[in-house]
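The values are calculated or read from the model by the stated rules, or taken from the named source; none is laboratory data. What you are looking at is a predicted structure, and each value in this text was computed from that prediction instead of being measured. Here the Cβ is made from the backbone with ideal geometry for all residues, glycine too, and neighbour counts use every protein chain on show. Heavy atoms of the whole protein, side chains included, go into the accessibility calculation; ligands, DNA and RNA do not. Shrake-Rupley method; radii C 1.70, N 1.55, O 1.52, S 1.80 Å.
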Amino acid sequence: MNASMNAFKKRHDFLICVDSDGCAIDNLKAKHLLCFGPCLIREWKLEKYREEILALWERINLYGLTRGIHRFRALALALEEINERLMPIPGLSEYTAWVERTEDFSTASLEEQIRRTPSAILKKALHWSEQVNRAVAGLPWTEKQFFEGVDESLSAIADTADIAVVSSVNQATVTAEWQHGGLSHHVDLFLCQEMGSKARCIARLKEKGYTESRILMVGDAPGDRASAEVNGVAFYPILAGREKESWKAFPGAIRQFCKGEYQPLERRLSEEFMMNLAGGKSDD
Ligand SMILES: [Mg+2]
């Protein structure tokens, strides 16, 4: 039974936090290549450069060290590159200035900025984001399947650990996806966009009485790892393009985690995670 944050009570000593998009659910490629990228092409009339735009959007959001960054940051990187390589983007500096300045990457914050300085590019960014939401909501369930091994992995830890889904997507979407996939019964608590950043969600969970050494975050992006680090909790990476392999190894890693012997493996997995995103090259 999924609880709300206030009603939630710790049942086990261990807590496993699991990111949803691109970690448990194989939906990132569809979201980026069928929704974010095509909406960008339409909004900025970039049809002529379709292949280049989809390739650069994929590089920024799926297979680079910037995987998982907020859509408004990704848009700034993409527009800067388009402006440099393909065609001028009018008003670009007004948008990048907002991205650099804002402390809150939300639609509300962008709307507020538009009220203060009603520039065309800010309105385009907002419209693009709304179109993306529509496109994502219209994706068929076949584009939102769980990775192989997630069900088995969560079943394997259900008697040992509490399980929280920690996601930066809105709660209605995340719970619908987990329910449709038949995996929501594994989840004690969903903490989504409305609860703030993933780091904030983990911090709130710590207040429920878990010790830091008994909390582990599972994620597919550097931001997931950072949310674990800032809270002093462990991280288990799901490697982009090797998700099935990562989930297959998960129950073994959790056994080590529960015995307090996870640190050497965590260091190795963490290096592998960053090298995988950097395209096999060391990041130093
Ligand atoms: Mg993710």
Checklist entry - Filter region 97-139 for residues that are within 22 Å of the chain's Cα centre (by Cα) and among the β-branched types (Val, Ile, Thr); which is farthest from Cys35 (Cα to Cα)? => result Thr102
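Output the residues belonging to region 5-20 that are in contact (Cβ under 8 Å) with a residue 40 or more places away in the chain and surrounded by fewer than 21 Cβ atoms within 10 Å (Cβ to Cβ). Walk me through it before giving the result.
Taking region 5-20 first, the residues in contact (Cβ under 8 Å) with a residue 40 or more places away in the chain are 5, 8-20.
Met5, Phe8, Lys9, Lys10, Arg11, His12, Asp13, Phe14, listed by residue number.
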Checklist entry - Under the condition of being of a type in the set (A, V, I, L, M, F, W, C) and outside any helix (DSSP H, G or I), which residue from region 80-120 is surrounded by the most Cβ atoms within 10 Å (Cβ to Cβ)? => result Ile89
Checklist outcome for this item: Per the filter on region 34-59, residues within 16 Å of the ligand (Cβ to nearest atom) and surrounded by fewer than 20 Cβ atoms within 10 Å (Cβ to Cβ) are Glu58
Checklist entry - Does region 68-75 include one or more residues that are aromatic (Phe, Trp, Tyr) and either farther than 23 Å from Gly196 by Cα or without any contact (Cβ under 8 Å) to a residue 40 or more places away in the chain (or both)? => result no
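Any chance region 62-70 includes a residue that's in a helix (DSSP H, G or I) and either of a type outside the set (Lys, Arg) or surrounded by fewer than 19 Cβ atoms within 10 Å (Cβ to Cβ) (or both)? Lay out the reasoning, then the answer.
Residues of region 62-70 in a helix (DSSP H, G or I): none.
So far as region 62-70 goes, no, none of its residues is in a helix (DSSP H, G or I) and either of a type outside the set (Lys, Arg) or surrounded by fewer than 19 Cβ atoms within 10 Å (Cβ to Cβ) (or both).
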Checklist entry - Of all residues in region 16-32, which are under 14 Å from Gly138 (Cα atoms) and more than 10 Å from the ligand (Cβ to nearest atom)? => result Ala30, Lys31, His32
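Yes/no matrix, rows are residues, columns are (1) more than 14 Å from the ligand (Cβ to nearest atom); (2) within 21 Å of the chain's Cα centre (by Cα); (3) among the acidic types (Asp, Glu):
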residue	(1), (2), (3)
Gly196	yes, yes, no
Leu205	yes, yes, no
Ala221	no, yes, no
Glu245	yes, yes, yes
Lys248	yes, yes, no
Gln263	yes, no, no
Met274	yes, yes, no
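May I ask you to list the residues in region 121-140 that are open to solvent by 10 Å² or more (accessible area, probe 1.4 Å) and either in a helix (DSSP H, G or I) or in contact with a His (Cβ under 8 Å, 6 or more places away or on another chain) (or both)? Before the answer, list the steps.
Applying the first criterion (open to solvent by 10 Å² or more (accessible area, probe 1.4 Å)) to region 121-140 yields 123-124, 126-127, 130-131, 133-140.
Listed by number, the residues that qualify are Lys123, Lys124, Leu126, His127, Glu130, Gln131, Asn133, Arg134, Ala135, Val136, Ala137.
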Item to check | Residue count, region 232-257 (criterion: surrounded by fewer than 20 Cβ atoms within 10 Å (Cβ to Cβ) and among the polar types (S, T, N, Q)) | outcome: 1
